[in-house]
Amino acid sequence: MVISLIIIIVRSTTNGVRMKIDKDKARKVAEILDLSLAKVIKSLGNSNAVVANIFTIRQAQRAFLATELNSEEEHLIMERWILLCTTRRQVEKAFRSAAENSGAQRLAMDKWLSLCTTIRQLARAFEATEPDSKAERMATQRWLRLCDTIKKARDFFVATATDSEAEVLALRKWLSLCTTPKQVQKVRERALSYSEPVDSKLEAQVVRRLYELV
């Protein structure tokens, strides 16, 4: 016999005993009160029940779209969505669906970056972020760790937004890889072409690096 009624087991927050929630009844309550099913389930039990029946990315996406914007339920569903992602494409969609600069978006970026193995892959993740956002800082730090040549550091600099924190960090990384005075001068010239005057901390680093090499 096929049981069509899905039962969710949650723990009652009032008396500590386990109670069964009839999902069909919960759905009717949601329709009557014009609430999300996730919010009704949470009210009847605990927040973990919100994602108890989400086992696939498609289920997570549907639940996310049906949940109140910027609610605790939305955040819990987004966390489950990200957890289910196993490819960069999947997690990119989750990242772009999450609220800008939110904890969920940072969680998505962290997962996205963990799946990147090349600078080209990192570049796509970096391009998806807003300048000076927490997500961009995460992508910047990961990209900088892979910059072990002047060319890689220069390419990263070109990808950054003008006058952004990432741009300054890229220039500093580029400078740290210089081994000749001529290379140091090129870094300074490039910095001047994008922003004048040059960042004071960067200028001091240029002076110190050139002093070491002359």
Among (1) within 22 Å of the chain's Cα centre (by Cα); (2) more than 29 Å from T87 (Cβ to Cβ), where does V184 come up short?
(1)
Please pick out the residue among V158, V184 that is part of a helix (DSSP H, G or I), of a type in the set (V, I, T), on the phi < 0 side of the Ramachandran plot and modelled with pLDDT of 90 or more.
V184
All positions within region 126-138 that are within 9 Å of the chain's Cα centre (by Cα) and part of a helix (DSSP H, G or I)
K134, A135, E136, M138
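Okay, residues lined up against (1) modelled with pLDDT under 90; (2) surrounded by 14 or more Cβ atoms within 10 Å (Cβ to Cβ); (3) on the phi > 0 side of the Ramachandran plot; (4) not basic (K, R):
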position	(1), (2), (3), (4)
E167	yes, yes, no, yes
W174	no, yes, no, yes
T180	no, no, no, yes
R190	yes, yes, no, no
E196	yes, no, no, yes
L210	no, yes, no, yes
L213	no, no, no, yes
Please work out which residue is farthest from the chain's Cα centre (by Cα), limiting yourself to region 56-67 and to residues that are among the hydrophobic types (A, V, I, L, M, F, W, C) and at pLDDT below 90.
A66
Whichever residue in region 68-125 is at pLDDT 85 or above and part of a loop (DSSP other than H, G, I, E, B) and, among such residues, is surrounded by the most Cβ atoms within 10 Å (Cβ to Cβ):
A98
Being among the polar types (S, T, N, Q), more than 31 Å from the chain's Cα centre (by Cα) and assigned to a loop (DSSP other than H, G, I, E, B) is the requirement here; does T179 meet it?
yes
Which pairs have Cβ atoms under 9 Å, sit 6 or more apart or on different chains, and link a residue in region 141-159 that is without any contact (Cβ under 8 Å) to a residue 60 or more places away in the chain and within 12 Å of A170 (Cβ to Cβ) to one that is part of a helix (DSSP H, G or I) and acidic (D, E)?
C147/D155; F157/E167; A159/E127
When region 26-54 is checked residue by residue, the ones that are at pLDDT below 70, part of a loop (DSSP other than H, G, I, E, B) and surrounded by fewer than 21 Cβ atoms within 10 Å (Cβ to Cβ) are N46
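The values are calculated or read from the model by the stated rules, or taken from the named source; none is laboratory data. From a predicted model like this one, the values you see are computed outputs, not experimental measurements. Heads up, the Cβs are rebuilt from the backbone with ideal geometry, glycines too, and the neighbour counts pull from every protein chain shown.
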